[in-house]
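Chemist: Sharing a structure, written as C-alpha cells. Questions coming.
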Amino acid sequence: MYFHFGSIWYLLLLLFLPCFILCKSHTQTYYFPKTEWLSKQSFFLSRELLLKLVLYSIMVFALAKPFLYDAPAAKHKKGRDLVLVLDASGSMAQSGFNPDNRLMNKFDTNIALASDFIQKRYDDNMGIVLFGTFAYTASPLTYDLDALQYVLKMTNVAIAGESTAIGDAIMQAIHTLSFGQAKSKAIVLLTDGYHNSGRTSPKEAVLHAKALGIKIYTIGLGKASSYDGALLKKIAHETKAKSYDALNAKALQDIYKEIHRLEPSKIRSENYLYQKLLFSFPLSAAFILLLVWTLWIQRRER
C-alpha cells in the first residue's frame, strides 16, 4: 500500500503555524507589587497553545485528502509506451488554424492540445520527439506528465529547422520507445508538410516500426494540399493504425479524443482501484480534541 495526498497544495497552509505563536492578541496590562507571586506561564495556556497547533495541523491534513492505494495492481497494467512526434518546422508558424484565436499559429495550438492530451494519459510512459530539418527527443519516456507538459511549453516553432524530416522523426521515436518495457507501443505523428529532409526515408522507417510491432497514428494539419496525405495514410495503414486530417483546431481536438479512446490509459484506475480515503481519521481526531478542549474550559471555569 502507498500513501498519497489528493490535494497536496493545501499542506502549504502549515506555513501559517508560526502565527499562533508570533501573532499574539492584544492583552490588558496589570501591575503587581510582587511579581514573584505569579507563575511565569499558566499551565493551561501553554497546553492551550499546543492544542491549537495540533488542531490546526490535523485539519490541514484532512483538507489535503490523504489516502492509501494499492500499487501492486499496477504490475498487471495494460498501459503502453507512447511517443508524440510533433512537427516543429517553419510552416507550423502559420496562423489561422485555430478559429477561436486566429493569431495563434499551428504549432502553439498543437502544443496546447497535446498538453491536454498528455494530462489525460495519467501514468502512461510517454515521450516527445520534435522534428524539422532534423529530429530529436525533447523528452525521453517518463511517467512524470507534469514534466512533459513543462517541456512542451519550453519548445518553439522552427527549433529543429525549417524543413520536414518525417523519416528521421519516426526513427527517433522508435529509438525513444526502445527504452520502454511495455508490450504495446505507439507513435502519434503530426505534420503539416511533405517529407523533404533527413537521412532516413519514411519507407525505411515504417519497415523498422512494423518489425517491432509499433503502431503509428498520423495526423495531417491544415489544408489537404499542404501535406502528403497519401504518405501519412500509407504509414498508418502499414503499421495497423489510423490516419487523420485536421483542418482546424477543433478537428485536431476531436482526433486526440479518438486516439485516447483507441489507445486507452488504464493505469491510473488500476493503481487507485483499492483506494482508501483517510481524511475521516484526522477529522475524527480534531473532533475529539475539540471536545476535550471544551470540557477542559468548562471544568476550569467552575
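Chemist: With 208, 175, 260, 195 as the choices, which residue is in the same structural domain as residue 160 (by TED's automatic domain parsing) and either among the aromatic types (Phe, Trp, Tyr) or farther than 28 Å from residue 108 by Cβ (or both)?
Modeler: Only one candidate qualifies: 208.
Chemist: Next question. Looking at residue 120 and the list (1) modelled with pLDDT under 90; (2) over 22 Å from residue 262 (Cα atoms); (3) not polar (S, T, N, Q), which single condition is not satisfied?
Modeler: It fails just one condition, (2).
Chemist: Residue pairs, Cβ under 7 Å, 6 or more apart or interchain, first in the stretch 280-302 and assigned to a helix (DSSP H, G or I), second loosely packed, with under 14 Cβ neighbours inside 10 Å. List them.
Modeler: Correct list of pairs: 289/54; 300/44.
Chemist: Right, residue 241: touching a strand residue (DSSP E or B) at 6+ places or on another chain (Cβ under 7 Å), among the aliphatic types (A, V, I, L, M) and surrounded by fewer than 18 Cβ atoms within 10 Å (Cβ to Cβ) or not?
Modeler: Taking the combined requirement at face value, the residue does not satisfy it.
Chemist: Within the stretch 90-139, how many residues are under 18 Å from residue 249 (Cα atoms) and among the hydroxyl-bearing types (Ser, Thr, Tyr)?
Modeler: Looking only at that region, the number is 4.
Chemist: Within the stretch 142-189, how many residues are closer than 20 Å to residue 92 by Cα and in a loop (DSSP other than H, G, I, E, B)?
Modeler: Of the residues in the stretch 142-189, 12 are closer than 20 Å to residue 92 by Cα and in a loop (DSSP other than H, G, I, E, B).
Chemist: Hey, another quick one. Criterion first (in a helix (DSSP H, G or I), aromatic (Phe, Trp, Tyr) and either closer than 22 Å to residue 282 by Cβ or modelled with pLDDT under 90 (or both)) does residue 61 satisfy it?
Modeler: yes
Chemist: Of the residues that sit in the stretch 126-140 and are crowded, with 22+ Cβ neighbours inside 10 Å and of a type outside the set (Gly, Ala, Ser), which one is nearest to residue 166 (Cα to Cα)?
Modeler: The qualifying residue nearest to residue 166 (Cα to Cα) is 131.
Chemist: In the stretch 82-103, how many are in contact with a strand residue (DSSP E or B) (Cβ under 8 Å, 6 or more places away or on another chain) and surrounded by 18 or more Cβ atoms within 10 Å (Cβ to Cβ)?
Modeler: The qualifying residues number 10.
Chemist: Return a yes/no flag: does the stretch 220-228 have any residue that is surrounded by fewer than 18 Cβ atoms within 10 Å (Cβ to Cβ), at pLDDT 95 or above and assigned to a helix (DSSP H, G or I).
Modeler: Within the stretch 220-228 (the criterion being surrounded by fewer than 18 Cβ atoms within 10 Å (Cβ to Cβ), at pLDDT 95 or above and assigned to a helix (DSSP H, G or I)), the answer is no, since none of the residues qualifies.
Chemist: Do you know which residues across the stretch 229-262 are part of a loop (DSSP other than H, G, I, E, B) and touching a residue at least 60 places away in the same chain (Cβ under 8 Å)?
Modeler: 248
Chemist: Taking the condition of being modelled with pLDDT under 60 and either under 26 Å from residue 285 (Cα atoms) or part of a helix (DSSP H, G or I) (or both), how many residues in the stretch 1-57 meet it?
Modeler: Looking only at that region, the number is 7.
Chemist: With in contact with a Lys or Arg (Cβ under 6 Å, 6 or more places away or on another chain), surrounded by 22 or more Cβ atoms within 10 Å (Cβ to Cβ) and either at pLDDT 95 or above or under 16 Å from residue 107 (Cβ atoms) (or both) as the only criterion, which of 187, 166, 170, 214 stands out?
Modeler: It is 214.
The values are calculated or read from the model by the stated rules, or taken from the named source; none is laboratory data. On a predicted model such as this, the values are computed, not experimentally measured, just so you know. All Cβ positions, glycine included, derive from the backbone under ideal geometry; neighbour counts span all protein chains shown.
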